[in-house]
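Some notes on the structure that comes next.
The values are calculated or read from the model by the stated rules, or taken from the named source; none is laboratory data. Predicted model, so just to flag it, every value in this text is computed and none were measured. All Cβ positions, even for glycine, are placed from backbone atoms using ideal geometry, and neighbour counts span all protein chains on display. SASA here: full protein model, heavy atoms, side chains in, ligands and nucleic acids out. Shrake-Rupley method; radii C 1.70, N 1.55, O 1.52, S 1.80 Å.
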Amino acid sequence: MTENITGTPAAPHCGYVAIVGAPNAGKSTLLNKLVGAKVSIVSKKVQTTRARITAIGMEGDVQLVFLDTPGIFKPKRRLDRAMVNAAWSGIEEADAVLLLIDAERGFDDESRAIIEALKDRKRRNVLLALNKVDAVQREKLLGLAKEISETYDFERVFMISAEKGTGVDDVRTDLAGRMPAGHWLYPEDQLADVPMRFLAAEITREQVYRSLHDELPYAITVETENWKDQKDGSARIEQVIFVERDSQKKIVLGEKGQMIKRVGAFARKIMEEQFDRRVHLFLFVKVREDWGDDPERYEAMGLDFPKN
């Protein structure tokens with residue numbers, strides 16, 4: 001393969017793909033499979049993806065720049081509006097849109113609303129992927145695919161299991177064939193366009209959700225306040241977990257600080273694997289009742305602060 005001085009092939013292709021869907025449809029799991037590495041937070045708690053995550057995948061001479069958008073739903077709070085705005089912003093920029101629907105959940109009102117919004121925007125080059133097909137009977141699955149396909153002119157319909165990886169290669173190959181000619185935007189070995197401080201915060205937030213499950217409300221956020229590269233090559237990382245009430249702080253800390261230690265141990269291990277270096281992680285919990293209305297918190301999450 002002949003390459004030019006930029007390190008990309010002589011006839012490269014590159015484009016943006018927005019992965020959209022209702023909360024908990026499996027978008028982040030699918031993104032991680034498409035890229036071949038963990039770049040986005042995965043949790044059973046809905047609406048865990050908040051900012052728009054940019055991940056880079058390769059398919060031959062084609063570079064696919066994936067936009068893992070927050071789930072699209074009817075917003076009730078300021079944070080909800082910021083997340084939905086980020087999702088639609090990604091859709092507007094994309095060369096192709098992949099709508100992911102949880103086949104087990106079916107064609108619910110949230111997915112119907114997304115399709116109607118796509119119609120209003122006259123979006124073309126939209127593909128449909130039915131996820132978790134391994135959990136649905138074949139006859140029901142075919143009926144679901146037919147029902148959804150009648151509501152929109154999808155370019156193609158895929159049956160996949162994002163968790164198991166079934167059908168994901170077909171999705172990536174098809175998307176690659178739709179990307180326009182153009183030089184790669186990132187080095188071939190780069191997996192994401194996300195600051196390491198932000199990625200580290202997302203890793204910790206995921207571990208908070210995984211450790212506490214339903215004990216902790218959705219409204220928490222994590223910020224990396226300090227990152228210092230040590231002389232021995234390790235990194236000293238200080239993070240703050242923001243909660244809204246003292247009762248939530250007690251839950252995160254746990255009895256005699258055992259829960260925060262557990263979260264820190266899991267998060268540190270993943271960071272060391274992700275960053276390929278030793279990590280010294282220090283976690284703090286702070287109560288900030290109005291963090292959901294604080295512009296600085298939105299900036300730290302990579303979201304635009306919506307006005308009233």
Exercise. Please determine, by comparing only the residues of the range 126-150 that are in contact (Cβ under 8 Å) with a residue 40 or more places away in the chain and out of contact with any Gly (no Cβ under 6 Å at 6 or more places or on another chain), which one is surrounded by the most Cβ atoms within 10 Å (Cβ to Cβ).
Key: Ala129
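Pro75 - would you say it is surrounded by fewer than 19 Cβ atoms within 10 Å (Cβ to Cβ), modelled with pLDDT under 90 and over 23 Å from Leu130 (Cβ atoms)?
Working: surrounded by fewer than 19 Cβ atoms within 10 Å (Cβ to Cβ): yes; modelled with pLDDT under 90: yes; over 23 Å from Leu130 (Cβ atoms): yes.
Spelling it out, Pro75 is indeed surrounded by fewer than 19 Cβ atoms within 10 Å (Cβ to Cβ), modelled with pLDDT under 90 and over 23 Å from Leu130 (Cβ atoms).
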Quiz item: Among the residues of the range 266-289 satisfying the criterion of being crowded, with 16+ Cβ neighbours inside 10 Å and aromatic (Phe, Trp, Tyr), which is farthest from Gln207 (Cα to Cα)?
Solution: Phe275
Practice problem: Say whether the condition of being at pLDDT below 80 and crowded, with 21+ Cβ neighbours inside 10 Å is met by at least one residue in the range 21-29. | Solution: no
Quiz item: If you scan the range 210-241, which residues turn out to be in contact with a Ser or Thr (Cβ under 6 Å, 6 or more places away or on another chain) and either hydroxyl-bearing (Ser, Thr, Tyr) or at pLDDT below 90 (or both)?
Solution: Val222
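Is it fair to say Ala176 is open to solvent by 70 Å² or more (accessible area, probe 1.4 Å), closer than 28 Å to Pro9 by Cα and among the hydrophobic types (A, V, I, L, M, F, W, C)? If you could, list the steps in order and put the result at the bottom.
On the way: open to solvent by 70 Å² or more (accessible area, probe 1.4 Å): no; closer than 28 Å to Pro9 by Cα: yes; among the hydrophobic types (A, V, I, L, M, F, W, C): yes.
No, not satisfied.
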Quiz item: Arg205 versus (1) among the basic types (Lys, Arg); (2) buried (at least 19 other Cβ atoms within 10 Å of the Cβ); (3) in a loop (DSSP other than H, G, I, E, B): which is the lone unmet condition?
Solution: (3)
Practice problem: Could you check how many residues of the range 248-265 are in contact with a helix residue (DSSP H, G or I) (Cβ under 9 Å, 6 or more places away or on another chain), open to solvent by 20 Å² or more (accessible area, probe 1.4 Å) and touching a residue at least 24 places away in the same chain (Cβ under 8 Å)? | Solution: 5
